[in-house]
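Structure record follows, encoded as structure tokens.
The values are calculated or read from the model by the stated rules, or taken from the named source; none is laboratory data. The shown structure was predicted, so the numbers you read here are calculated from the model rather than taken from an experiment. All Cβ positions, even for glycine, are placed from backbone atoms using ideal geometry, and neighbour counts span all protein chains on display.
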Amino acid sequence: MVETVVIGRATLMLADCMELLPDFTDGFFGLAVTDPPYFDGPNKAGYYGKGYSSLGVPRAKHYDSLESWEIPGAEYFDHLKRVARDQIIWGANHFADRFNSASPGWIVWDKVNGASSFADAELAYCSADAAVRIFRYVWNGMHQGQYGGDKSRNESRIHPTQKPVALYEWCYDRYARAGQMILDTHLGSGSSAIAANNRGFDFVGIEKDPAVFAKACERVAAALQQRQLFEMADQPRPEQADLLRGIAA
């Protein structure tokens, strides 16, 4: 039995996506934005990048090894292209044999990493565009954001391949259309679900690892609660509303 948790407009499912994808009809989702694993190095090590920082400091293990880290085969991509009208697939450059060499477009996430040991960028296949698009966002330890500024807004890392919420928001803003449902077959940290709630899209996220799923649900729920509190704080108090109406009159 599939465990299902609904948080805002996000439906999160604890299951193997390969058991669920065959049940979705053709074109059920308007957009799929996924980040399937392509090698298990980060999972075994507990971090990305080299074992030592550029200053020679040993890199600490940040994540527990996941129970299941399965690299998808051809059947996965066939299902994904069938159930989603458009697809954005991170790490697709590692699955070159699954895509036409003349693919419509690519997204480059420039991490603005400078001289760190991490990769300078990540690539995503994008069926919805015919050009290369660049999203610049710092993602290097405590340096996060377009300018790596306000540390109070940094996201806590709960998954070795976690991506920033802002990256998914950018993808939805550019490629999702109103009324579409979004799919993520590898929910991981839940960033994709948080972005869907923030942007008002119905969303389905699937994750097969129970521990990861629990952490993602907790993170998505906390993010939604925080956003709702901010929205409530932005609403004028009743006495303020009366005063404003009096001024407007």
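Scanning segment 61-76 for residues that are modelled with pLDDT under 95 and in a helix (DSSP H, G or I) yields a single hit, ALA74.
For segment 107-123, give me each residue that is outside any loop (DSSP other than H, G, I, E, B), free of Cβ contacts under 8 Å to residues at least 60 places away in the same chain and either crowded, with 18+ Cβ neighbours inside 10 Å or among the β-branched types (Val, Ile, Thr) (or both). Hits for segment 107-123 are VAL108, TRP109, GLU122. Taking segment 24-48 as the range and being at negative phi, at pLDDT 95 or above and more than 19 Å from the chain's Cα centre (by Cα) as the test, the residues that pass are PHE24, THR25, ASP26, PHE28. Among the residues of segment 15-22, are any modelled with pLDDT under 90, of a type outside the set (Asp, Glu) and either farther than 20 Å from LEU123 by Cβ or in a loop (DSSP other than H, G, I, E, B) (or both)? No, segment 15-22 has no match at all. Being under 20 Å from the mean Cα position of the chain (by Cα), modelled with pLDDT of 85 or more and of a type in the set (Lys, Arg) is a property that ARG133 has.
For segment 178-195, taking the residues that are surrounded by fewer than 21 Cβ atoms within 10 Å (Cβ to Cβ) and farther than 19 Å from TYR125 by Cβ, the one that is nearest to the chain's Cα centre (by Cα) is identified as MET181.
One residue alone among HIS94, HIS159 is out of contact with any helix residue (DSSP H, G or I) (no Cβ under 8 Å at 6 or more places or on another chain), at pLDDT below 95 and within 24 Å of VAL212 (Cβ to Cβ), and that residue is HIS94. In segment 205-231, of all residues being among the acidic types (Asp, Glu) and at pLDDT below 95, the one that is surrounded by the fewest Cβ atoms within 10 Å (Cβ to Cβ) corresponds to GLU231. For residues that are assigned to a loop (DSSP other than H, G, I, E, B) and either within 11 Å of LEU183 (Cα to Cα) or modelled with pLDDT under 95 (or both), tally how many sit in segment 1-14. So the count comes out to 2.
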